[in-house]
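Since the structure comes first, as C-alpha cells, the remarks are kept for the end.
The values are calculated or read from the model by the stated rules, or taken from the named source; none is laboratory data. What you are looking at is a predicted structure, and each value in this text was computed from that prediction instead of being measured. Here the Cβ is made from the backbone with ideal geometry for all residues, glycine too, and neighbour counts use every protein chain on show.
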Amino acid sequence: MSTVYSREGRSAEETGEASAPRRWQAWAAFPAVRKLSLAAASLLIGFCTWQVLSTYVFNPFLIPPPLDVFRTAIPMLASGEILSDVTISMVRVLVGFTTGSLAGVIMGVLLGRVRLLHDLLDPIMELLRYLSPTAMIPIAVIWFGIGEMSKYFLIFWGTFFIVLINTTAGVWRAPLTRQRAAACLGASRLQIFVLVIVPSAVPYIVTGMRVAMASSFMSIIPAEILAANSGIGYLLQQSSLLLQTNRIFVALLTICVLGFIVDRIFRLIVDKVLARYMSFVSQT
Amino acid sequence: MLRVTNIRKIYQSVRGSYVALDGVSLTIDDGEFVCLLGASGCGKSTLLNILAGFEPVSGGTATFGDAPITGPGRERVMFFQDSGSALLPWLSVEENIRFALRVRKIPKAEWAGITKRYLEMVGLDTHRNKFPAELSGGMRQRLQIARGLAVEPNVLLMDEPFAALDALTRRRMHKVLLDIWQRIGKTIVFVTHDIAEAISLADRIAVMSVGPRSVITKVIEIDLPRPRDLADAKVARLFGEIEDLLTPDLIRLDERLEAH
C-alpha cells in the first residue's frame, strides 16, 4: 500500500499536473488564514447582496443600501456622536453586568452550599427569573427615574439570575470524589470549599457570565429606547421618530460590531486568566 | 491495624432500605496488602468508604488502631479510580502535590524535597509543569499516588485505581505499586473485581459475595513470592479456585436482573 502511495506522489511531481490542487492544499493548510479569508468572503458577499437587493429589489428608503449607511456613518463617527453613545451604553452594561455577576456568584455559591438557604430561596428565584429586564422597565422607571440608576438596575436584574443559576449548578456539581480526595489529604471544610469547590464551579460561572453578557446587550437597547436620553437605544429611537432609516441602520450595525468585540474581549480574558480552570479530565 | 467487626451498612431511600453489608468482619495488619475482591455491587467499595470514613456504619464497629473511624483521617488516604476528578485539573503536576502539602500544613521549606522524592518515585519528575489533562491515564493515576504518598499516610485505600487503564499500563502500574509498597511498607487495602489483579498484588484476598447483604465469604492467604506469574501452576490453581467461588454469585446476579 505504501508503494502505491509513493508512486502516485512521484508521478504527480514529475508531471506537474497536480499543481493547482497543491496550491489549494497549501492554502488550506493554514487554518487561521483559511478561516479569516472565508469570513472576509462571507461579509463581502453579504454586503454585495444587500447592496444589490436594496438598490434594485426593495425600497431603498426602508432598507438603505450599505454604501448609503456607511456614508451616513462617517460623519457620525467623525463627530464622536457614535462614540459617546457607545460609551454611555457600555458603561451602563459594564456597571450592571459587574455588580450583577458579583452578586450572582456570591448568592450562587451560598445557595449551592447551604441546603436550607437553597430550599428556602429557590422557589422565589424560580418565579422571579421569568421577569425579563424588559418586563421590569416600567417599574424601574418609577423606582429610579430615567437616569443611570434605572439602567444599572435593569442590567443587574438580567445578569443576576443567569449567573446565580449557573453558579449554583457548578457548585452543586463539584465532583464528590474531588472533595473526598482533598478531605483525605487533610483539607478542612473551609479549604475544601475555597480551594476545591469554587474553582470546580468556574467553567459554569464563566458560561453563565457569557450568556448574561449577551442578555445585557439585548436588554440595554429596549431600556434606552423606553427610558433614556442618551445611548445607542436612544439613538435608535430618535432616528425612528425622525424616519432616518440610514441612522437606524448605523445604530444596528454598531450593536452588532460592539457585541462581537465585547464577546471576543471576554473570551480573551477567560483564555488568559482562567484557562487552567476550564479543562476537565474526569472520565465520568 | 484496621479492624471492622460485624459491620452492617443500610442505605435508606424513598423506595425503602437496602442492606449493602450484613455482618462483615476483617482485621488488616500494619504493612499488609489486602485485596477486597468481588463482582460489581458486592459492597466492596462501600466497605472501603467506611474504612476511609466517608460513610458511617449502620451497625458494628470500624476502628483504626484503637480509635473508632468517625470521618476522613489524614492517616488513611483514598485513591480513586477516576484520577481525573480526584486531582485538581487547574493545578499542574507539581502544584497538585503542593496542594496536599499545603492542606497538611507541612512547612514550606520541606516542599521541594518531598515533591521531588515522590514525583521521582512514580517517574513523573520530568512532567512537573504539565497539567493533568496533558497526561495519559496511567500518568494521572501515578500522580494521584504520588500526591497521596506525599502526605505520608499509614494506610492506602485504593478503589479500583487501575480499572480504567489499558491492560499493558495496568501491569506496569502493578509493578510500580508493588515497588513502592515494598519500599515504604504501608498498609494497602485494594478493591478490585479482577481476579488476576488481586492474585498478583495481595498478601490476602477477601472474597465478597454479591449484595444485598454482602459478606466476606472467604479470606485467602497467598504465600507466593512476587512477581507472580499467572502461568505458574499454583497461581493458576488459585485463580480457578477463586473463579469457582465467584461464579455462583454472578449467575445469581444475572437471574435477579432477569427476574425484574
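Annotations for the structure displayed:
- Helices (runs of 4 or more DSSP H) within region A:47-153 that include 1 or more residues within 21 Å of A:Tyr204 (Cβ to Cβ): A:81-113, A:115-128
- Boolean, B:Glu55 is in contact with a helix residue (DSSP H, G or I) (Cβ under 6 Å, 6 or more places away or on another chain), more than 7 Å from chain A (Cβ to nearest Cβ) and surrounded by fewer than 19 Cβ atoms within 10 Å (Cβ to Cβ): yes
- Residue in region A:170-189 that is within 30 Å of B:Phe80 (Cβ to Cβ), crowded, with 16+ Cβ neighbours inside 10 Å and away from chain B (no Cβ under 11 Å) present: yes
- Restricting attention to region A:238-273, the residues being closer than 15 Å to A:Val93 by Cα, hydrophobic (A, V, I, L, M, F, W, C) and touching a residue at least 40 places away in the same chain (Cβ under 8 Å) number 3.
- The one condition in (1) surrounded by 17 or more Cβ atoms within 10 Å (Cβ to Cβ); (2) polar (S, T, N, Q); (3) over 17 Å from the mean Cα position of the chain (by Cα) that B:Gln141 fails to fulfil: (3)
- Across region B:147-180, the number of residues qualifying as among the aliphatic types (A, V, I, L, M) and either in contact with a strand residue (DSSP E or B) (Cβ under 6 Å, 6 or more places away or on another chain) or away from every other protein chain (no Cβ under 12 Å) (or both) comes to 11.
- Flag if B:Leu238 is within 13 Å of B:Ala198 (Cβ to Cβ) and either touching a residue at least 40 places away in the same chain (Cβ under 8 Å) or under 24 Å from the mean Cα position of the chain (by Cα) (or both): yes
- Looking across region B:163-209, the residues that are touching a residue at least 40 places away in the same chain (Cβ under 8 Å) and under 17 Å from B:Ser83 (Cα atoms) come down to B:Ala163, B:Ala164, B:Val176, B:Phe190, B:Val191, B:Thr192.
- Helices (runs of 4 or more DSSP H) fully within region A:194-282 counting 3 or more residues that are among the hydroxyl-bearing types (Ser, Thr, Tyr) and away from chain B (no Cβ under 14 Å): A:198-226, A:232-241
- Filtering region B:161-177 to residues that are of a type in the set (D, E, K, R) and under 15 Å from the mean Cα position of the chain (by Cα) leaves only B:Arg170.
- Of the residues examined, B:Thr115 is not one that is of a type in the set (Ser, Thr, Tyr) and not assigned by TED's automatic domain parsing to the domain that holds B:Val103.
- Test: residue in region B:153-165 that is farther than 25 Å from B:Gln182 by Cα and either in contact with a helix residue (DSSP H, G or I) (Cβ under 7 Å, 6 or more places away or on another chain) or of a type outside the set (Asp, Glu) (or both): no
- Verdict on B:Val34 being crowded, with 18+ Cβ neighbours inside 10 Å, modelled with pLDDT of 90 or more and assigned to a loop (DSSP other than H, G, I, E, B): no
- Applying a threshold of 7 Å to beta carbon distances and a minimum spacing of six or more residues, or different chains, the list of pairs starting in region B:67-93 at a residue that is polar (S, T, N, Q) and ending at one that is assigned to a strand (DSSP E or B) reads B:Gln81/B:Asp159.
This table checks each residue for (1) within 14 Å of another protein chain (Cβ to nearest Cβ); (2) closer than 25 Å to B:Asp179 by Cβ.
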residue: B:Met1; (1), (2): no, yes
residue: B:Val14; (1), (2): no, no
residue: B:Val24; (1), (2): no, no
residue: B:Asp82; (1), (2): yes, yes
residue: B:Trp90; (1), (2): yes, no
residue: B:Ile106; (1), (2): yes, yes
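- Taken over region B:2-31, the residue count meeting the criterion of being in a loop (DSSP other than H, G, I, E, B) and under 16 Å from the mean Cα position of the chain (by Cα) is 3.
- Among the residues of region B:8-29, the ones that are closer than 27 Å to B:Glu241 by Cα and touching a residue at least 40 places away in the same chain (Cβ under 8 Å) come to 9 in all.
- Within region A:168-190, the set of residues being among the charged types (D, E, K, R) and either in a loop (DSSP other than H, G, I, E, B) or in contact with a His (Cβ under 9 Å, 6 or more places away or on another chain) (or both) comprises A:Arg173 only.
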